[in-house]
Structures are given as structure tokens and as C-alpha cells.
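What follows is a set of notes on a single structure, which appears directly below.
Read the figures in this text as sums done on the coordinates, not as results from a lab. Quantities reported herein were computed from a predicted structural model and do not represent experimental measurements. Because the Cβ atoms are built from the backbone with ideal geometry, glycine has one as well, and the counts that use them run over all protein chains shown.
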Amino acid sequence: MSHFPGSPEKTRESLLPKVALKPWVRSSPPGFILRNARVIDPAQSRILPGYQDVVIKDGLIASLNPSPSTLDEPHLAAVDLGGKFLCPGLIDCHVHVTAIPGVKSMGELSQTPLELVHLRSTYVLREMLLRGFTTVRDTGGASKALASAIAEGLIPGPRLFQCGKALSQTGGHADFTASGSTDAGCCGGHSHSLGRTCDGVPEVLKAARDALKGGADFIKIMCGGGVASPTDSIESVQFTVEEIRAITTTCAQMGNVHTTAHAYTDAAVRHAIDNGVKGIEHGNLISRDTAELMASKGVFLTPTLSCYGIMVRPPWEDFLPPDGKVKNEQVMARGLDALKIADDAGVIICYGSDLLTSMHALQTEEFTVRSSVLPSARVLKHATTNAAIMLGDPKLGKIAAGCYADLLVLDASPLDDVTVLDYPEDHLFAVIQGGHVVCSRLGGLAASSQA
């Protein structure tokens, strides 16, 4: 082959990584050992006996060894934690990473250009990771493309499980179009902000199948009224039996994909689970009978309790319109009671924050709210063990050989006081995700340039 006059015969080796098909894909992180760690086991609500030396290789936990160990790993750097606590990375099962800062209302968000939403969501994701959330489940707004960008190392952020757009009937909880609008999109199913509206069995089938084709990890259905939506009461029951069954049947047929429902009341919750839905978001107004039904069917519950107080205090006191503030009071009044009812009934409860715009900064406040009625060890399980069960990934939520090296280094045990997780600026000394050191203020443990 002839060469262009004056040009090199070949690309120099130092540039070859930069000319790969996806040059941003991260290489495997270097391994290291965390010595003299007090390892937290959320599933058993205990700290492993003594101190442990935790070996990390290829982004996974390779082994745990009682300190002082005689590990023959001279090629691995070792960091002495001096008795600090090692906790599994946190999992938030109800976020909206595309509900970005820079807007004052949901209406304004729905009018924000998508390019701006995508750019600002990178800030939201990075901040979540720095707070210790190494995995999040987005319940409306995020996409497979965003999840892949994080997984490949293009942008920093938590591992992202996503449903694409939440499915809503016209006038339902995810319909933020202006009242009286005739914009129905192509063949119905128009999409705004966090949700997609669809009506009738053919449209809901099309919407669900589109989401699954697009790589959704689960499907979310708006089965009842909500606080932030402008046209529905909390008591409303949304979608017909036939519509919900069409969605859940399709999910079962296309890989047994998990389904979850936005629902507050007994009527909305039972409407969802009687027709095949496997999870409930919120559930503030459930009765003991409904909680026991959920437990008997293995239906997951993800309450989101801190957001109600946050949405009405400065600087967000004008975020909700007057009717939204009334609905907010309605669900806030019984939220903690519902949490206790579900816990007593044996429902598998997961951690959720459900914050919007700049409220994301208070993502950890849910720990403080839940700890006002439940023991700290149980609340920690919501954000680790239980969340991993719902997400169906046995490598999440625990510190054991073969699991992801998603780890937090803390100076206090959240088993004793889970509110330490609400003050990462005081208690969080390092965040490790997939073996990459995301941030650290520990001597000898430097943040990765690829994190």
C-alpha cells in the first residue's frame, strides 16, 4: 500500500488507545487491598468478626481475609483503613435523573430542550455517585443510552437501571401536557419529560413494546393519582384492567421483565397487583390488609417519604401549585404509618428518594426520615440487601467474594445510626465503584483518573 507523501507510515503506538472504536471505555481498574476494615453485612445486620483485609481485583471483591492476613499479593497496593467501616455501595430505587436542576416547575421541565436535559443530567448523576449511591433505579426519564454511557465510562455516575418513560393514561400522573392540548403525537403515545401517554390496549402494547425494544430494564405504570401532576386526584385509579394486563402480559412474555406501579391508595395498589404488577412505588395510604396481600404475593414496596417535606420548605415552597400542596399534605400525613404497616407485614421494602430539580442534593435525607420509625439496621437493608433482590443482581448490596467492588468507607457504623449516611460530608471518606476509586480523603487511596 502506498503512503501519502510526508505522512507517517503508521500511527504511533501511544495513540492507539485513542483511535479505538470507543476510546472512552475504561480499562480494568488496578487491584488493591483494604486492610483492617470493619466490614458491614446488612443482610444479617452485623459487622463481621474482627478486622478484615479485603482484596479487590478486576472491579470485583476477590476475597475477605481476617486481619492480619498473610496475603501473597506483592503487586497490589495496600491501604490501612485503621478500623474504619466498609459498607456496600448504596442503592436508590426511585430517582428521576432527567428531572434536572435549572427549572422551577415540572411544566418548565417538560419544555426544556432535550439536549439541555441530557447535559444537566450528567451533573445529577455525578453528584449521586459522590454521595455514595453506586447504583440507582430511574423510574421515568432515563434511557438505555444513558445507562450504557455510564457503564462504558463515558460519564461518571451510578450503575443505572431504567424503564425509559413511565406509562400514563391521558390525564394521568405523567401527563404534563397543557389542559386542552390537542397534541396527541403520532398514533397517540406522545412523550413529555418523565412519561409517555397511551390509551387503549393497542397503544399501551405499543408503548410497552417500544420501551422493551429500547432496552428498558423494567416497566413503570402510573396506576393512580400523584402530587406533582396537575389533572388527577390522589384517589383516582388509572388505566383499565385490560390495559394493565396487556402491559404485564407483554412483560412476562418478553423475558419476564419486572413491572412496577405508581400508586398511593388501597384501590390503586390492588388494581395494580391484581393485574400482575410486581412492585409499588409510594404506597402512602395502604391499609394493613393491602400490605399483607403485598407480602403474600412478594410485591416490592419503594416508599419515598422525604420528598414531601422537601417540596414545601425553602427554597422550594413555590414548586407545587396550591392544589399540589393539598395533595402533598394528604400523602405526607400517613407516609410513616404506611412504612411501619408494610414493615410489620413483612413486605420487602426498598429505598427511594423521588427528588426533582435541585432537590436531588437532599437524596440522603430519606435515611433520617425512615429512621424516625424503624431501626437503623432495617433502613440500611432497604438501600442494600432489599434493593439488590428487587433489581435481581446478586453481585449488588453486599461485601462478599465475587460481588462488585462497590464500597463506602465510613468513620461510623450505619447499623447503629443510619443517619450518618445523611451526612456524607462528615462521615464518608471514600466511594469505590466497580473497583474504581471515585473519591477519597484517605491517605494512600487516591481517586482514579478514570473515575
(Q) Charges on Cβ only, +1 for Lys and Arg, -1 for Asp and Glu, centred on the Cα centroid of the range 22-107; of Ala62, Ile91, Ser27, which one is farthest towards the dipole's positive end? (A) Ile91
Q) In nm, what is the difference between 0.36 nm times the number of residues separating Glu127 and Tyr423 and their Cα-Cα distance? A) 105.2 nm
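Grab the beta carbon distance between Thr231 and Val201, set R0 = 30 Å, and tell me the FRET efficiency rounded to 0.05.
After rounding to 0.05, the efficiency reads 0.85.
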Q: Please work out whether the chain counts as rounded, prolate or oblate from its C-alpha gyration tensor, where a ≥ b ≥ c are the square roots of the eigenvalues and a/c under 1.5 means rounded, while otherwise a/b larger than b/c means prolate and anything else oblate?
A: oblate
Q | Full-stretch length increase - Gln253, Ala77 - with 0.36 nm per residue and alpha-carbon distance subtracted | A | 58.6 nm
Q | Distance between the range 24-52 and the range 89-132 - C-alpha centres, whole angstrom | A | 29
Q | Order of Arg12, Arg245, Arg35 under a 10 Å beta carbon neighbour criterion, fewest first | A | Arg12, Arg245, Arg35
Q) From a point 7 Å beyond the Cα of Ser287 in the direction of its Cβ, which residues of the range 316-343 have a backbone N at a distance under 18 Å? A) 334-335, 337-343
Q.
Straight-line reach from Lys278: which lysines fall under 19 Å, measuring Cα to Cα and dropping same-chain residues less than 8 apart?
A. Lys165, Lys220, Lys297
Q) Which of Phe239, Phe32, Phe4 comes first, and how do the rest follow, when ranked by fewest Cβ neighbours within 10 Å? A) Phe4, Phe32, Phe239
Q | Ranked list, fewest to most other Cβ atoms within 10 Å of each Cβ, for Met222, Met311 | A | Met311, Met222
**Q.** Residues of the range 234-248 with amide N under 19 Å of a point placed 7 Å along Cα→Cβ from Lys325
**A.** 234
Q. Given a cut-off of under 8 Å on Cα pairs at least six residues apart, what relative contact order in percent is computed for the chain?
A. 18
(Q) Can you say what percent of the DSSP beta bridges in the chain, counting only those with both residues inside, are antiparallel? Round to 5. (A) 50
Q.
Helix-only mean residue ellipticity at 222 nm, the chain, DSSP H runs n ≥ 4 weighted -39,500 (n - 2.57), per residue, nearest 500. What is it?
A. -8000 deg cm²/dmol
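By how many nm would the segment from Asp393 to Lys213 grow when fully extended, if each residue of separation counts as 0.36 nm and the alpha-carbon distance is taken off?
Once the chain is fully extended between Asp393 and Lys213, it gains 62.7 nm.
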(Q) Starting from the 7 Å offset along Cα-to-Cβ, what nm value, one decimal, do you get for the label separation of Asp266 and Ser296? (A) 1.4
**Q.** Among Thr231, Leu355, Val136 the positive-end extreme of the charge dipole of the range 90-363 (Cβ point charges)
**A.** Val136
Q. Packing-wise, with mean Cβ within 10 Å as the measure, how do 89-96, 333-340, 267-274, 442-449 rank, highest first?
A. 89-96, 267-274, 333-340, 442-449
